[in-house]
Amino acid sequence: MSRRGILITGAGRGIGAATARLLAAHGYDICINYASDRDSALAVVAACEAQGARALAVRGDVASEADVAALFDACDSFFAGPFDLVNNAGILGAMTRFEAADPAMIRAVFDVNVMGTILCSQQAVRRLSAEHGGAGGAVVNISSIAASLGSPGEYVHYAASKAAIDTLTTGLAKEVGPFGIRVNAVQAGTVETDIHARHGNPERPAAVAASAPLRRAGVPQDIAQAVKWLLSDEAAYVTGTVLRVGGGL
């Protein structure tokens, strides 16, 4: 079976790790980007290799132009062919009312969530676009239902960063569609990952589940399945779409 390459940013844990494992089982070789937790990233590499995939872990801060360039160069050497992109790396920042939010914290959230997605998407387009001799491909951005709901009293800054991702998805899809690139996003609901505990709010998924029509929080596999579909030939006529996977919220 001919395997396609995929770069997944922030893939050492949570949604990114679940997506890597799922895609490894469905015909992809995987480049796993991580910011600092090398052990977690290597564990995901091992899980992907157990599924028959080739896998590589590459450290890099997606907010750094130099790191992103080096990341894509590493993927070029590893895959020796075209590869798609999942922009998953993201941070919540502090849970706080908006007027009390530290500007430095807000800037960090936008650097990772927005600039990280922009920098990686630019690199992907340069490689995939038929305008530059590429064979086309797909980009999937991980957004959040916070972009629509606003996350008042908790994460307005984060919601704003994800709204930027939704707009980027719409505009970029229209710009690069004629050159063979599909760009979509998944608006993820609250998902049971350790990101909430790492930001001081471990009970948030359970609290959200109580008000969700499906009466549960999401799990990383829920989002990974949506990503897999958007990357697949089954979604060949889908671009510029923000797919909401939020349990009815």
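Please state which one of 57, 69 is among the aliphatic types (A, V, I, L, M) and either buried (at least 16 other Cβ atoms within 10 Å of the Cβ) or without any contact (Cβ under 8 Å) to a residue 24 or more places away in the chain (or both). Full working, then the answer.
On the way: 69 fails: either buried (at least 16 other Cβ atoms within 10 Å of the Cβ) or without any contact (Cβ under 8 Å) to a residue 24 or more places away in the chain (or both).
Checking each option against the conditions leaves just 57.
Out of (1) surrounded by fewer than 23 Cβ atoms within 10 Å (Cβ to Cβ); (2) not in a helix (DSSP H, G or I); (3) not hydrophobic (A, V, I, L, M, F, W, C), what's the single condition that is false for residue 12?
Condition (1) is where residue 12 drops out.
Are any residues in the range 133-148 surrounded by fewer than 17 Cβ atoms within 10 Å (Cβ to Cβ) and either among the polar types (S, T, N, Q) or in contact (Cβ under 8 Å) with a residue 40 or more places away in the chain (or both), and if so, which ones? If you could, list the steps in order and put the result at the bottom.
Within the range 133-148, the first condition is being surrounded by fewer than 17 Cβ atoms within 10 Å (Cβ to Cβ), and the residues that meet it are 133, 135-136.
Listed by number, the residues that qualify are 135, 136.
May I ask you to list the residues in the range 18-33 that are assigned to a helix (DSSP H, G or I) and in contact with a strand residue (DSSP E or B) (Cβ under 8 Å, 6 or more places away or on another chain)?
Once the filter is applied, which keeps residues that are assigned to a helix (DSSP H, G or I) and in contact with a strand residue (DSSP E or B) (Cβ under 8 Å, 6 or more places away or on another chain), the range 18-33 yields 19, 20, 23, 24.
Suppose the filter is surrounded by 21 or more Cβ atoms within 10 Å (Cβ to Cβ), farther than 16 Å from residue 183 by Cβ and touching a Gly at 6+ places or on another chain (Cβ under 6 Å); does residue 113 pass it?
Numbers: surrounded by 21 or more Cβ atoms within 10 Å (Cβ to Cβ): yes; farther than 16 Å from residue 183 by Cβ: yes; touching a Gly at 6+ places or on another chain (Cβ under 6 Å): yes.
Taking the combined requirement at face value, the residue satisfies it.
Any residue that is buried (at least 24 other Cβ atoms within 10 Å of the Cβ) and of a type in the set (S, T, N, Q) - is there at least one of those in the range 22-38?
Yes, the conditions are met somewhere in the range 22-38.
Check off (1) modelled with pLDDT under 95; (2) touching a Ser or Thr at 6+ places or on another chain (Cβ under 9 Å) for residue 3 and give me the number that stays unchecked.
Among (1) modelled with pLDDT under 95; (2) touching a Ser or Thr at 6+ places or on another chain (Cβ under 9 Å), residue 3 violates only (2).
Please verify whether residue 6 is closer than 25 Å to residue 133 by Cβ, in contact with a helix residue (DSSP H, G or I) (Cβ under 6 Å, 6 or more places away or on another chain) and touching a residue at least 40 places away in the same chain (Cβ under 8 Å), treating the condition exactly as stated. Before you say what the answer is, go through the steps one by one.
Numbers: closer than 25 Å to residue 133 by Cβ: yes; in contact with a helix residue (DSSP H, G or I) (Cβ under 6 Å, 6 or more places away or on another chain): yes; touching a residue at least 40 places away in the same chain (Cβ under 8 Å): yes.
For residue 6, the condition - closer than 25 Å to residue 133 by Cβ, in contact with a helix residue (DSSP H, G or I) (Cβ under 6 Å, 6 or more places away or on another chain) and touching a residue at least 40 places away in the same chain (Cβ under 8 Å) - is met.
Which condition number does residue 92 fail, the rest of (1) part of a helix (DSSP H, G or I); (2) farther than 16 Å from residue 7 by Cβ; (3) among the aliphatic types (A, V, I, L, M) being met?
(1)
Sort out which residues of the range 124-160 are part of a strand (DSSP E or B) and either in contact with an Asp or Glu (Cβ under 9 Å, 6 or more places away or on another chain) or of a type in the set (S, T, N, Q) (or both), and write them in order of number.
First, the residues of the range 124-160 that are part of a strand (DSSP E or B): 137-144.
Selection gives 137, 138, 139, 140, 141, 143, 144.
Go through the range 102-156 and count every residue that is more than 18 Å from the chain's Cα centre (by Cα) and of a type outside the set (A, V, I, L, M).
Of the residues in that region, 17 qualify.
For the structure I just gave you, tell me whether residue 67 is assigned to a helix (DSSP H, G or I) and closer than 23 Å to residue 113 by Cα. Can you show your working first?
Numbers: assigned to a helix (DSSP H, G or I): yes; closer than 23 Å to residue 113 by Cα: yes.
Yes.
Give the residue that is modelled with the lowest pLDDT, with candidates limited to residues of the range 182-230 that are of a type in the set (Val, Ile, Thr) and in a loop (DSSP other than H, G, I, E, B). Talk me through it step by step, then tell me what you get.
To start, the set of residues in the range 182-230 that are of a type in the set (Val, Ile, Thr) comprises 183, 186, 190-191, 193, 195, 208, 219, 223, 227.
Still in the running and in a loop (DSSP other than H, G, I, E, B): 190, 193, 219.
Working: 190: 89, 193: 72, 219: 93.
Here the answer is 193.
Could you tell me whether the range 83-90 includes any residue that is of a type in the set (Gly, Ala, Ser), touching a Cys at 6+ places or on another chain (Cβ under 9 Å), modelled with pLDDT of 95 or more and crowded, with 18+ Cβ neighbours inside 10 Å? Even if it seems obvious, please write down each step before you answer.
Step one: of the range 83-90, the residues of a type in the set (Gly, Ala, Ser) are 89-90.
Restricting the remaining residues to those that are touching a Cys at 6+ places or on another chain (Cβ under 9 Å) gives 89.
Next cut, modelled with pLDDT of 95 or more only: 89.
Of the ones still in play, those that are also crowded, with 18+ Cβ neighbours inside 10 Å are 89.
Within the range 83-90 (the criterion being of a type in the set (Gly, Ala, Ser), touching a Cys at 6+ places or on another chain (Cβ under 9 Å), modelled with pLDDT of 95 or more and crowded, with 18+ Cβ neighbours inside 10 Å), the answer is yes, since at least one residue qualifies.
The values are calculated or read from the model by the stated rules, or taken from the named source; none is laboratory data. Everything numeric here is computed off the predicted structure, so don't read it as measured data. Neighbour counts are summed over all protein chains in view; Cβ atoms, including those assigned to glycine, are modelled from backbone coordinates with ideal geometry.
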